[in-house]
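Engineer: Input: one structure, supplied below.
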Amino acid sequence: MKKVFAIVLTLALLCMATVASAAGLVGVAMPTQDLQRWNQDGANMKAQLEAAGFEVDLQYANNDVGMQVSQIENMILNEVQVLVVASIDGSALGTVLAQAKEAGIPIIAYDRLLTNTDAVDYYTTFDNYKVGQIQGQYIVDKFDLANTDKTYTIEFTAGSPDDNNAGLFFGGAFDTVKPYLDAGKLVCVSGQTDFATVATPAWKSETAQARMDNILSAYYPDALTGGQTLDICLCSNDSTALGVTNSLVAAGFTAENIPVITGQDCDKPNVKNMVKGLQAMSVFKDTRTLAAQTVAMCVSILNGETPELNGEYDNGLKMVPSFNCTPVFGDVSNYEELLIASGYYTAEEIAE
Ligand code: BGC
């Protein structure tokens, strides 16, 4: 009797496995588990792909390009039907992506563009330049730069130079505030305004923190005692904003006098900082929406249909057809609706 039960159970499990994989296997290559957003992206992609009937090979590469290459090689060997890649260095995967193309595997660049390769088929992302514009416009509005006679000081912190998004975020923000730098209403006391100088390799909080430590001691040593003040820290995302905030707090700034700090992602520590008055704003990019769009793209591709598209990005070798999701402004006034009521976080997750 036991034996019959075991056979029936095995058959049922086999049957379930066949149903689960009916739509095929999708390889999802993610950059790192260090930053919260990629954990969120990976979990959403896995859940939504599985709900659509796919099997999922989800890998994180610890921000190590070599590791990501070998993970993708394995996915090719495992005959994935679609490859979804959120790269570490968008320009460093040419060889392995060429192998995937050779094997007939469609490739979707996820969030970060895959550059200098003709193997990438599609790109799903948010409007990255717009993210920067939202940050820059926040500064323009907050300080009423169009009408003020005052001068405010600003320092910039951008993202990782190997991430195609980083230049777009910085470009969107910088282009928005540039007229006010030109007019002298904003002054960057350190003089560090070019992307290469303000970039943060691997988007590391510690690196952003160390650079802000140096800027504070070199250019704003007496900011808290009547000397040169610092009004604005325009940071491209939340991991860099966190480093900058930590630097300022360590130097003695509090919610009462900390510069206006921008961010992106609405990461949990940053939402907590917004509630505490230590970070002014962030930009919410709902990873559930990005995952849904990417899963829909996988389904369309495998059905031989053209996926829903609303833009294109030049990757150096080709124009990559893309779908851009919309980034949304977030701060202490709307985070409850944006993040908690929408089910993105529970209230406990961002309570102190
Ligand atoms: C993403 C951002 C993220 C950054 C660091 C970028 O490519 O678009 O949302 O903050 O990487 O992980």
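The values are calculated or read from the model by the stated rules, or taken from the named source; none is laboratory data. Here the structure is a predicted model, which is why all the values come from computation and not from measurement. As a convention, Cβ positions derive from the backbone with ideal geometry for all residues, glycine included, and neighbour counts pool all protein chains shown. Remember, those area values only see protein heavy atoms, side chains included, never the ligands or the DNA or RNA. Shrake-Rupley method; radii C 1.70, N 1.55, O 1.52, S 1.80 Å.
Engineer: All but one of (1) more than 12 Å from the ligand (Cβ to nearest atom); (2) within 24 Å of Pro327 (Cβ to Cβ) hold for Lys204, so report the exception by its number.
Structural biologist: Lys204 satisfies every listed condition except (1).
Engineer: Residues to consider are Asp182, Asp175, Asp149; find the one that is among the charged types (D, E, K, R) and under 21 Å from the mean Cα position of the chain (by Cα).
Structural biologist: Going through Asp182, Asp175, Asp149 in turn, the sole match is Asp175.
Engineer: Please go through region 113-165 and give me each residue that is on the phi > 0 side of the Ramachandran plot and either in contact (Cβ under 8 Å) with a residue 12 or more places away in the chain or crowded, with 23+ Cβ neighbours inside 10 Å (or both), ordered by number.
Structural biologist: Asn116
Engineer: Sticking with this structure for a sec: Those residues that are hydrophobic (A, V, I, L, M, F, W, C) and surrounded by 13 or more Cβ atoms within 10 Å (Cβ to Cβ), I need them from region 191-206; list them, please.
Structural biologist: Phe195, Val198, Ala199, Ala202, Trp203
Engineer: Filter region 309-352 down to the residues that are over 19 Å from the mean Cα position of the chain (by Cα) and of a type in the set (Ser, Thr, Tyr) and list them by number.
Structural biologist: Ser333, Ser342, Thr346 - these are the residues of region 309-352 that are over 19 Å from the mean Cα position of the chain (by Cα) and of a type in the set (Ser, Thr, Tyr).
For (1) farther than 20 Å from Ile105 by Cβ; (2) at pLDDT 95 or above; (3) open to solvent by less than 60 Å² (accessible area, probe 1.4 Å); (4) more than 17 Å from the chain's Cα centre (by Cα), each residue gets a yes or a no:
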| position | (1), (2), (3), (4) |
| --- | --- |
| Ala22 | no, no, no, yes |
| Leu35 | yes, no, yes, no |
| Asn39 | yes, yes, yes, no |
| Glu50 | no, yes, no, yes |
| Asp57 | no, yes, yes, yes |
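Engineer: Next question. Could you tell me which of the residues Cys266, Cys298, Cys325 is away from the ligand (no atom under 16 Å from the Cβ), hydrophobic (A, V, I, L, M, F, W, C) and open to solvent by less than 40 Å² (accessible area, probe 1.4 Å)?
Structural biologist: Cys298
Engineer: Shifting gears a bit: For region 222-241: of the residues being part of a loop (DSSP other than H, G, I, E, B) and not polar (S, T, N, Q), which is farthest from the ligand (Cβ to nearest atom)?
Structural biologist: The qualifying residue farthest from the ligand (Cβ to nearest atom) is Gly226.
Engineer: Does Thr197 satisfy the criteria of being assigned to a helix (DSSP H, G or I), farther than 13 Å from Ile154 by Cα and in contact with a helix residue (DSSP H, G or I) (Cβ under 7 Å, 6 or more places away or on another chain)?
Structural biologist: So Thr197 does not fit the description; no.
Engineer: Moving to a separate point now. Just give me the residues in region 242-267 being β-branched (Val, Ile, Thr) and in a loop (DSSP other than H, G, I, E, B), in sequence order.
Structural biologist: The answer is Thr254, Ile258, Thr262.
Engineer: To continue, here is another question. Can you find a residue that is within 12 Å of the ligand (Cβ to nearest atom) and touching an Asp or Glu at 6+ places or on another chain (Cβ under 9 Å) anywhere in region 132-140?
Structural biologist: For region 132-140, residues within 12 Å of the ligand (Cβ to nearest atom) and touching an Asp or Glu at 6+ places or on another chain (Cβ under 9 Å): present.
Engineer: Can Ile232 be described as out of contact with any helix residue (DSSP H, G or I) (no Cβ under 7 Å at 6 or more places or on another chain) and in contact (Cβ under 8 Å) with a residue 60 or more places away in the chain?
Structural biologist: Spelling it out, it is not the case that Ile232 is out of contact with any helix residue (DSSP H, G or I) (no Cβ under 7 Å at 6 or more places or on another chain) and in contact (Cβ under 8 Å) with a residue 60 or more places away in the chain.
Engineer: Further, regarding this structure: Where residues in region 171-190 are open to solvent by 20 Å² or more (accessible area, probe 1.4 Å) and in contact (Cβ under 8 Å) with a residue 40 or more places away in the chain, which of them is farthest from the ligand (Cβ to nearest atom)?
Structural biologist: Lys185
Engineer: Among Glu337, Glu312, Glu305, which is the only one that is farther than 26 Å from Gln135 by Cα, acidic (Asp, Glu) and open to solvent by 30 Å² or more (accessible area, probe 1.4 Å)?
Structural biologist: Exactly one residue qualifies, and that residue is Glu305.
Engineer: Then there is this: Scanning for something in a helix (DSSP H, G or I), surrounded by 17 or more Cβ atoms within 10 Å (Cβ to Cβ) and within 15 Å of the ligand (Cβ to nearest atom), does region 207-217 turn up at least one residue?
Structural biologist: Within region 207-217, one or more residues are in a helix (DSSP H, G or I), surrounded by 17 or more Cβ atoms within 10 Å (Cβ to Cβ) and within 15 Å of the ligand (Cβ to nearest atom).
Engineer: Right, here's the next one. Identify, please: which residue in region 282-308 is part of a loop (DSSP other than H, G, I, E, B) and in contact with a helix residue (DSSP H, G or I) (Cβ under 9 Å, 6 or more places away or on another chain) and is, among those, nearest to Ile261 (Cα to Cα)?
Structural biologist: So the residue we want is Lys285.
Engineer: While we're here: Quick check on region 76-95: of everything there that is touching a residue at least 24 places away in the same chain (Cβ under 8 Å) and over 20 Å from Thr124 (Cα atoms), which residue is most open to solvent (accessible area, probe 1.4 Å)?
Structural biologist: Out of the qualifying residues, it is Glu79.
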